[in-house]
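Undergrad: So that we are looking at the same thing, I have put the structure below in structure tokens.
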Amino acid sequence: MTNKQPQLMDVTRMRDILIPHLSQIREHAFLNNEIGMVRGDHTVFSLLMRQRPPFTINDHRQGIIMSGEAEININLQDRHLKSGTLVYIGPGTIIYPKRLSADLRIFGMGLFSNFPMPFAQGQMPSAFNGQVRDFQLPASEEDIATATHIMDTIWQTVHASDDYHRPTVTALVAAQMHHYDQLFHQQANQLTNSRSREQTIFDRFLQLVTQHCAEQHQIGYYAERMCLTERYLTTVIRQTSGTTAKDWIDRALITRIKIELRHTDKSSAQIAEEMHFANPSFFSKYFRRLTGMTPGEYKNYS
């Protein structure tokens, strides 16, 4: 994954990809500056897969796996998604789709930066407030039916007219987010009761790394946040994942750097400063050691 070029898959990029094929997907996709939806068609995902993943997103996306299955690396972890799963991926998520079955059908939506979010500052359901970057929920038939019904009502509303009633859509999105949030916390409570302490520590560590790797490069920071000794955290991460804690930090940090190099006009010196490297020289040596090329070579690489 780290040798690929992450691409920002925002609304502008998605529009560029999908509009030439609009006649094929019109009945199964909707896209404007605020919201995007896909309903059960494989074509959209086939088009996205041609764009050379991994991708990163800067918005909120929710989906229901209606049929089929997918193998996707989400925020450094491999996930096997199958029918009957509710999926959320939030801002900053890095996605590497590896395999999508031919019968994969997803009913989903993306809430872009222009979407009028239905919650006041500080009132976002906790599953969506940035503390969790992604989750996947195997759900009961009843819970899938509820999510599908809400999603279908949003679909019908945005197709009602070009100037659809935004307060209605906003309220429906709030209902869907509350539904996902409730199920997320139910699952979290069940996992807390059944999961080993070591696995819980690893999951929390990886969550913190994906959130803070740009500013915090040292294991000690994460150990302190988790109220653990650095030695104990290092041991648990190695035993649980087969990879060192430092390797996980490096993976996440290099991926963030690649996104900045590839999709912004920032200089290496600016990125080095923003990501808290001691100086541009150390930044360049670090990047070259882990990728085999300098930041400048990577930026110009195609």
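Undergrad: Could you work out the local net charge near F30, counting Lys and Arg as +1, Asp and Glu as -1, over the other residues with Cβ closer than 13 Å to its Cβ?
TA: Once all neighbours under 13 Å are counted, the net charge is -2.
Undergrad: Please list log₁₀ I(q)/I(0) at q = 0.13, 0.16, 0.18 Å⁻¹ for region 77-224, using the Debye equation with identical point scatterers on the alpha-carbon positions.
TA: Values, matching the q order: -0.73, -1.07, -1.29.
Undergrad: On to the next question. Which value, in debye to the nearest 20, describes the size of the charge dipole of region 162-302 about its Cα centre when Lys and Arg Cβ atoms bear +1, Asp and Glu Cβ atoms bear -1, and nothing else is charged?
TA: 560
Undergrad: Between A102 and A120, with labels modelled 7 Å along Cα→Cβ, what's the label distance in nm to one decimal, could you check?
TA: For A102 paired with A120, the spin-label model returns 5.4 nm.
Undergrad: Here's another thing I want to ask about it. Can you compute the FRET efficiency between R231 and Q186 using 1/(1 + (r/R0)^6), with r the Cβ-Cβ distance and R0 = 41 Å? Round to the nearest 0.05.
TA: Computed FRET efficiency for R231 and Q186: 0.75.
Undergrad: Report the percentage of all Cα-Cα pairs in region 1-144 whose separation exceeds 26 Å, rounded to a whole percent.
TA: That tail contains 20 percent of the Cα-Cα pairs.
Undergrad: Given Cβ point charges of +1 (Lys, Arg) and -1 (Asp, Glu) and nothing else, what value in debye, to the nearest 20, does the dipole of region 1-90 about its Cα centre take?
TA: 140
Undergrad: Of the accessible area of the chain, with the probe set at 1.4 angstrom, what percent is carbon plus sulfur?
TA: Ligands and nucleic acids excluded, carbon and sulfur reach 48 percent.
Undergrad: Among K258/K285; K98/K285; K246/K285, which pairs are too far apart, with a Cα-Cα distance over 25 Å?
TA: Over 25 Å apart, Cα to Cα: K98/K285.
Undergrad: Let me ask something else about it. When all alpha-carbon pairs of the chain are counted, what percent fall beyond 29 Å?
TA: The calculated P(r) of the chain puts 40 percent of pairs beyond 29 Å.
Undergrad: Looking only at Q131, Q207, Q176, which one moves most when the chain is put into a Gaussian network model with springs between Cα atoms under 10 Å?
TA: Q131
Undergrad: More than 17 Å apart: what percent of Cα pairs in region 133-211 qualify?
TA: Tail of the P(r) past 17 Å holds 59 percent of the pairs.
Undergrad: Here's a follow-up. How far is it, in nm, from the label point at H276 to the one at A171 when both lie 7 Å from their Cα along the line to the Cβ?
TA: Here the modelled spin labels are 4.4 nm apart.
Undergrad: Further question: Would you look at the GNM of the chain, springs on alpha carbons closer than 10 Å, and say which of G90, G68, G110 moves the most?
TA: G68
Undergrad: For the residue pair T243 and R13, what label-to-label distance in nm results when each label sits 7 Å from Cα along the Cα-to-beta-carbon direction?
TA: 2.1
Undergrad: Compute a Gaussian network model of the chain, connecting alpha carbons closer than 10 Å, and tell me which residue from L253, L228, L100 fluctuates the most.
TA: Comparing L253, L228, L100 in the GNM, the peak value goes to L228.
Undergrad: May I pose another question? Determine the calculated [θ] at 222 nm for the chain from helices alone, applying -39500 (n - 2.57) to every DSSP H run no shorter than 4 residues and normalising by the residue count; nearest 500 deg cm²/dmol.
TA: -15000 deg cm²/dmol
Undergrad: Using unit Cβ charges (K, R positive; D, E negative) and no other charged atoms, how large, in debye to the nearest 20, is the dipole of the chain about its Cα centre?
TA: For the chain, the charge dipole is close to 1080 debye.
The values are calculated or read from the model by the stated rules, or taken from the named source; none is laboratory data. Quick caveat: nothing in here was measured; it's all calculated off a predicted structure. Cβ sites come from the backbone with ideal geometry, for glycine too, and all protein chains shown count toward neighbours. Remember, those area values only see protein heavy atoms, side chains included, never the ligands or the DNA or RNA. Shrake-Rupley method; radii C 1.70, N 1.55, O 1.52, S 1.80 Å.
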